[in-house]
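For reference, the structure is listed below as structure tokens.
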Amino acid sequence: MAPVVSIIVTCFNQASYLERSVKSVLAQTFTDIECIIVDDGSTDNTQEIVEQLMSLDSRVSYFYKENGGVSSTRNFGFKKANGTWIQFLDGDDWIHEDKIRFQLTHLSEEVNENNTVFYTDYERVFINKEQKIINIQENIVGALTREELIARLLIPDFLADSPFPLLQQCLLMNRHVLEKKIFDERLKALQDRDFPLDLLLLGVDFVYTPMIGAYYTKHQFNRTNNWSYMKNYYIMFYETAYSKHKDLLPLCQTGIHFLIKEAIREKEENNFAKLMTMFYPPFYLLNNKIQINSSYLLKQIYRIRLIIPSFLLYEKYRGPRSQKIIAVWHKITNIFKSYNPTFIGSE
């Protein structure tokens, strides 16, 4: 007989975290579950850890696949799942022991079971090199409307004043939902934005279940720590959203404008060209002192930027030598100011 819930634990070289993750699944107060571990081509001792976990509980099964990223691993796991309800869990995170039971208690006549995703609040847990918890950050999402969820998914976390609302570890979804949309395997990052965004636009209901349901770890091996890696996937995410939902482009501008400023600063011609195809004015520079209202003018500013030394514009590029040059320049301009009050210097 098929279990009610399938919890799919995806992992890649996370052997040192995996036991805690899987044991949080096996400790669920709702016991009619299966735990499917999908190994995305690990080269550490993941298989050895899994064998120990399988010996503890017959509900645990294990599948190995060639490395393809978390999206392909989740899709693979779903194909192996037998449950009516699906939970995905990364191998370095864990869930509250009462999460599944509590979320399923929110089923009612008003809830369309086949079209529902439940979501919870969560804690971000910071772990050091010795795998000790050094900080915990509570993230209360709250009940948000469809429109609020869509808008928030399109804003990078570092530009938002609210927590990311639909962390995958917090979700519990009916399997019929995954028949409408699977994870985009081109996205090696930010799939947790693309996936629920499409579901929301397909009319899937997201129901808030108020509890700290998941524990999301931040440690030295998180790929999200690598900004150059994440930056490229943010651009791909916006390109993907734009290709499917052009009417959402105005809601993407906060992130797109930030990435354009990055491209200008770093002289990233390819990124700048991609972002300009999705650009809406107005655009602001120099701490919002300059407003730019046309794509043409912004392109001209980028061309001018290419010939200006970076240290003149951005402090991060200033070494001891460039700082001396700027100091001398300030002295010269100050001398001119003292003789001519109408003089306009670089400031």
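The values are calculated or read from the model by the stated rules, or taken from the named source; none is laboratory data. Quantities reported herein were computed from a predicted structural model and do not represent experimental measurements. With ideal geometry, Cβ positions are generated from the backbone for all residues, glycine too; neighbour counts draw on all protein chains shown.
Numerical summary
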quantity: Residues being surrounded by fewer than 12 Cβ atoms within 10 Å (Cβ to Cβ) and in contact (Cβ under 8 Å) with a residue 12 or more places away in the chain - total across the range 115-130; calculated: 2
quantity: Residue that is surrounded by the most Cβ atoms within 10 Å (Cβ to Cβ) [pool: residues in the range 104-114 that are in a loop (DSSP other than H, G, I, E, B) and charged (D, E, K, R)]; calculated: Glu110
quantity: Pick from the range 243-266, criterion out of contact with any helix residue (DSSP H, G or I) (no Cβ under 6 Å at 6 or more places or on another chain) and surrounded by fewer than 16 Cβ atoms within 10 Å (Cβ to Cβ), ranking: nearest to Ile155 (Cα to Cα); calculated: Pro250
quantity: Residue among Asp90, Asp121, Asp192 that alone is closer than 28 Å to Ser72 by Cβ and in contact with a Cys (Cβ under 9 Å, 6 or more places away or on another chain); calculated: Asp90
quantity: Residue within the range 14-29 that is within 28 Å of Asn114 (Cα to Cα), outside any helix (DSSP H, G or I) and either among the polar types (S, T, N, Q) or in contact with a helix residue (DSSP H, G or I) (Cβ under 9 Å, 6 or more places away or on another chain) (or both) present; calculated: yes
quantity: Residues of the range 193-205 that turn out to be within 26 Å of Arg101 (Cα to Cα) and surrounded by fewer than 21 Cβ atoms within 10 Å (Cβ to Cβ), as a count; calculated: 3
quantity: Output for the range 57-81, where each listed residue is surrounded by 15 or more Cβ atoms within 10 Å (Cβ to Cβ) and in contact (Cβ under 8 Å) with a residue 40 or more places away in the chain; calculated: Arg59, Gly68, Gly69, Val70, Ser71, Ser72, Thr73, Arg74, Asn75, Gly77, Phe78, Ala81
quantity: Test for Phe126: is it part of a strand (DSSP E or B) and assigned by TED's automatic domain parsing to the domain that holds Lys218; calculated: yes
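Rundown of residues vs (1) in a helix (DSSP H, G or I); (2) of a type outside the set (Val, Ile, Thr), yes/no style:
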{"position": "Lys181", "(1), (2)": "no, yes"}
{"position": "Lys188", "(1), (2)": "no, yes"}
{"position": "Thr209", "(1), (2)": "no, no"}
{"position": "Tyr216", "(1), (2)": "no, yes"}
{"position": "Phe237", "(1), (2)": "yes, yes"}
{"position": "Asp247", "(1), (2)": "yes, yes"}
